[in-house]
Amino acid sequence: RRDFFKVRTPHLAVDIKVIESSDIAKQWKGKTLKAAAVNISAGGIAIERLGKELPFTPGDILALIIHLPNEMVPIEGKVVNIYQLENSEKLRFGIRFIQHNLDKLSFNKNINCIVKYVMKREREMLPK
């Protein structure tokens, strides 16, 4: 059951850095990984990466920079699930937004930017 409405995200780039990780993700600590957003809500984001190499595991804490159309939004998230897409070389990661190192004011401001984007996408998807 979802707490927030999610929308598909065409062509949103996401930069990712590992903050806290399992043994698997330690090799990625300090490096910026690139991904594409699939969908987004005020509660989290689904991203896809090409390749079968598993850079994260559930529970890993990530710093994300989401490239919205007119701004870049820094936010932190926790990996909650991972799927190998059928007939594809892509992995999909479900990430829940969390307030980890960001202060409450910055976290809420950044969530608000995401909510505005979601609402804009909802209006774009309405039948004309």
Mind listing whichever residues of region 87-128 are part of a strand (DSSP E or B) and modelled with pLDDT of 90 or more? 93, 94, 95, 96, 97, 98
Criterion first (within 18 Å of residue 3 (Cα to Cα) and open to solvent by less than 30 Å² (accessible area, probe 1.4 Å)) does residue 79 satisfy it? yes
Within region 77-128, work out how many residues are within 14 Å of the chain's Cα centre (by Cα), over 19 Å from residue 36 (Cβ atoms) and of a type in the set (D, E, K, R). 1
Quick one: in region 29-56, of everything that is open to solvent by 20 Å² or more (accessible area, probe 1.4 Å) and β-branched (Val, Ile, Thr), which residue is modelled with the lowest pLDDT? 32
Give me the pairs, please: first residue somewhere in region 91-112 and in contact (Cβ under 8 Å) with a residue 24 or more places away in the chain, second residue anywhere and open to solvent by less than 80 Å² (accessible area, probe 1.4 Å) and among the basic types (Lys, Arg), beta-carbon distance under 6 Å, and either six or more positions apart or on two chains. 91/49; 96/78; 98/78
Scan region 82-89 and give yes if some residue there is of a type outside the set (A, V, I, L, M, F, W, C), within 20 Å of residue 13 (Cβ to Cβ), surrounded by 15 or more Cβ atoms within 10 Å (Cβ to Cβ) and in contact (Cβ under 8 Å) with a residue 24 or more places away in the chain, otherwise no. no
Any residue at all in region 103-112 that is open to solvent by 90 Å² or more (accessible area, probe 1.4 Å) and basic (Lys, Arg)? yes
Being farther than 23 Å from residue 11 by Cβ, part of a strand (DSSP E or B) and out of contact with any Asp or Glu (no Cβ under 8 Å at 6 or more places or on another chain) is the requirement here; does residue 73 meet it? no
Evaluation of residue 61 against (1) over 30 Å from residue 126 (Cα atoms); (2) at pLDDT 85 or above; (3) surrounded by fewer than 16 Cβ atoms within 10 Å (Cβ to Cβ) (one fails), failing number: (3)
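The values are calculated or read from the model by the stated rules, or taken from the named source; none is laboratory data. Remember, it's a predicted structure, so these values are computed and weren't measured experimentally. Reconstructed Cβ throughout: ideal geometry from the backbone, glycine too, with neighbour counts over all protein chains shown. Accessible surface is based on the protein model in full, side chains and every heavy atom, while ligands, DNA and RNA are left aside. Shrake-Rupley method; radii C 1.70, N 1.55, O 1.52, S 1.80 Å.
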